[in-house]
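Remarks on the structure that follows.
The values are calculated or read from the model by the stated rules, or taken from the named source; none is laboratory data. What you are looking at is a predicted structure, and each value in this text was computed from that prediction instead of being measured. In this analysis, Cβ positions are derived from the backbone assuming ideal geometry, glycine residues included, and neighbour counts consider all displayed protein chains. When the accessible area is computed, the model is the full protein with side chains, heavy atoms only, and any ligands, DNA or RNA have been set aside. Shrake-Rupley method; radii C 1.70, N 1.55, O 1.52, S 1.80 Å.
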Amino acid sequence: MSTFLYRLGKSAYTKPWYFLTVWILILGVIGALLGVNGIQSSSEMKIEGTESQKVLDMLVKELPAAAGGQASVAFTAPDGERLDTPERSAVILKAINDVYSMDYIINPAELAAQAAAAAGQAAGADPSAAAGGQTATSDPSAAGQTDAAGQATAAAQAAPYGPLILDGAPVPGVMLSADGSIALFQFQFTVQQTSLPSSVPDNVIKAVTEVEQAGSGITAIPSDSLKSTPSIGSTEAIGVAVAAVVLFITLGSIVAAGLPLITALLGVAISVGGAFALSNIVHMNDITPILAVMIGLAVGIDYSLFIVNRQRRLILDENLSAKEAASRAVGTAGSAVFFAGLTVIIALCGMLVIGIGFLSTMALVAAVSVLITVLLALTLLPALLGLVGERICTVKARSKNVASAGKARHGFSHRWANATVKYRWAIIVLVVLVLGTAAIPVTKMELGIPSGASANLDTPARQSYDIISKGFGEGFNGPLLLVAQPNNPSDKISMQTLGKLVQELQMHDNVTLVSPMGVNATGDIAIISLIPKTGPTDTKTRDLVQDLRNPASSLASANDVTLGVTGFTAINIDMSSKLSDAFPLYIGIIVILSLIILLLVFRSVIVPIKATVGFILSVLATFGLTTAVYQWGWLHSLFGFDTGGPLLSFMPILVTGILYGLAMDYQVFLVSSMREAYVHGRHGNDSVVHGYDLASRVVLAAGVIMVSVFAGFIFAPDAMIKQIGFALAFGILIDAFIIRMTLVPAVMAVFGDKAWWLPKWLDRLLPNLDVEGDKLIAMLNAKGEGKK
């Protein structure tokens, strides 16, 4: 591998425009595809096979109108005033009619008329079918047409809210709080929000906010379900700026520092642009390209840094020409980059085993981003180095190196390595205690999809959530959709049975309001809207969903029906449960992969075990800190949010895969340097200190760069991106600086030369990957190539 990469690097250095042209053409093709296909993504994060998804899929097939997504808008009056004045009610009614007139919006009045006509036709043909007319309205104020609806109306009248009345008639779909200051407009789309054209939510928001222009004093606050695509803001630019400063300090010149930035930015443009170009073929979640940007920037800068730094050291320390140094750097450091990138790709592709569609797409896009980054580092970077030539090292750097030739240079890294070796047992105990303490909150970690309850106080999502909770209760932010089916397929659900179900559901301790939405034309599916007392992310809501689904419950048994539960809240509950169950499996996959890959790379039994244990310790501490900050709300003002909430359900799996790959990067670059010192004749603590001294500067710089890039996303406006950015930033901080640069040399010093022990039978079976490039260096030294 190292010989092949050496030749590839020399070819790219000698004929740079060939390689540059290829990458420019690739970028041009991607740009053309984007122009033709456009950009398509959605917020959909569904998991096939969950209970809520099965019910939703059945509704899409049998009752499409009932399967659409739901949204709401809260209207508020000025302090101390009411909304139910004739003038304000008329303004609100106009806005609502404007919404109902739009495509993709269900108009309950029209639907009720169609259902009544269908029921009348059915009655003429078969009187027994008259009770089977389909209806689909969640408006409790209009539910007086059947006994079941009458019971729902009675329940609504007993609640501290009621319909908004205009000219003696209720405004469809609108409820008014007890003090008259808040009105809630709930409506339904004909499809799920993820399938809506982007213009529909924008038009809804425009229509309802027209009430603010009428001089009525009304404020319209759309719900979180009408929000736009997650954005990363501009704070990530700060991370890139910090990375540029670190590159300049590490490499000593603006030219050298600019090359890693160029390759990283080009890699992001190609990988993210390519993902968008194929988005009309491959379904892509809104967070997927943002994740690709995060990883592409971080690894793109780091991988190029390792190669450029190695080239400069070969020029300054071994007096090689820039051409030969670049070729050797690609052959040696490039080999480490190749295997480090391969490790990240394998860890990300390991998510495919879990079998969750949107997570697999995220993993594949991120893996392709890393692959492109590796290819750029091995081909485009040496081409750029060829264009730069000898200018990669400034005259000042060369003069300084000549002046210090022959002198021992023992800086901070040398003193730190000696300290970790000397006090190894104290450091091991201290690191385990500190990280073990940081991991304690993991035992209380709760997973979910962040809702308006955890959004910042100044955002429309949080304001809508708080207003609705104040006027009607938290449960109105997350209604549940129930589907009742008879246990005997030949039976029908009569309106009497539906009424009994509604009545019994209303008696549940955690239920605020139950509204019958109707029965389908064949009479074997009944739809019920249920509002819990607790919010969408509350554990009591999760318990309620489980109670409703229980086939052995008294409710299901007494009515001889099976209850299915769906809706946005139920879908999120099921998704979190599925991902929580999959997390231990993925950790197991990561552990096995880690042991195999590191066994091949380092040809050692102890090093893979040590590295894997260190990674597990760092990832548990990372999730512990993330739980304390984003769930418990510790230091929330420092990290730019107001209220804690559940952690993003797919975050642990996603972050574990990414952190594992990046952690192994540092493991490869640092420990391979120690192995190189051991192979070249140094033993015991000397090999540990010498290897650490050689690699620590670039590993330190790489760690600072990655932490800076990921930390830039902590202050993004979207709560989900905040959590991912925090977990990755602090995960790298812990793994790079506490595990790899502190714990690793201490543990290596404990084992000494035994750390490289490998049974002879296993040594014969394993291929020699030559990550350090020893064979290449021996061959080149024998030929005497590259000396000035």
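Descriptive notes on the structure:
- Its Cα gyration tensor gives the stretch 1-107 an equivalent ellipsoid, and the semi-axes of that ellipsoid, as √(5λ) in whole Å with the largest first, are 57, 24, 16.
- Using the 1.4 Å probe convention, the accessible area of the chain works out to 40 Å² per residue with neighbouring protein chains retained.
- Each helix, a run of at least 4 DSSP H residues, gives -39500 (n - 2.57); summed and divided by the residues of the chain, these come to -19500 deg cm²/dmol at 222 nm.
- Loop-exposed chymotrypsin sites (Phe, Trp or Tyr not before Pro) per DSSP, neighbour cap 14 Cβ within 10 angstrom, longest uninterrupted part of the chain: 1-422
- Straight-distance crosslink candidates among aspartates and glutamates, where the alpha carbon sits under 19 Å from Lys578 and sequence neighbours closer than 8 are dropped: Glu44, Glu48, Glu51, Asp57, Glu446, Asp538, Asp543, Asp547
- Between the Cα long axis of helix 86-100 and the first principal axis of the chain there is an angle of about 60°, rounded to the nearest 10.
- Here r is the Cβ-Cβ distance between Asp547 and Thr443 and R0 is 35 Å; the resulting FRET efficiency, rounded to 0.05, is 0.90.
- Members of Lys422/Lys722; Lys46/Lys500; Lys444/Lys610; Lys54/Lys94; Lys10/Lys422 lying beyond 31 Å, as alpha-carbon distances in this model show: Lys422/Lys722; Lys46/Lys500; Lys54/Lys94; Lys10/Lys422
- Summarising the label geometry, the points placed 7 Å from Cα in the beta-carbon direction at Ser554 and Val245 lie 6.6 nm from one another.
- Candidate values (i) 12, 29, 28, 21, 9, 2, 0; (ii) 15, 48, 30, 6, 0; (iii) 15, 41, 27, 15, 3, 0 were compared with P(r) over Cα pairs in 20 Å bins from 0, in percent computed on the shown model; the agreeing label is (iii).
- Within the accessible area of the chain (1.4 Å probe), percent carbon and sulfur: 62 percent
- Taking all Cα pairs closer than 8 Å and separated by 6 or more residues, the relative contact order of the chain comes to 20 percent.
- Nearest 10 degrees, 0 to 90: helix 412-422 Cα axis against the chain principal axis: 90 degrees
- Cα-based convex hull volume of the stretch 452-496 per residue, rounded to whole Å³: 111 Å³
- 0 to 90° range, to nearest 10: angle between helix 108-125 axis and the chain longest Cα axis: 60 degrees
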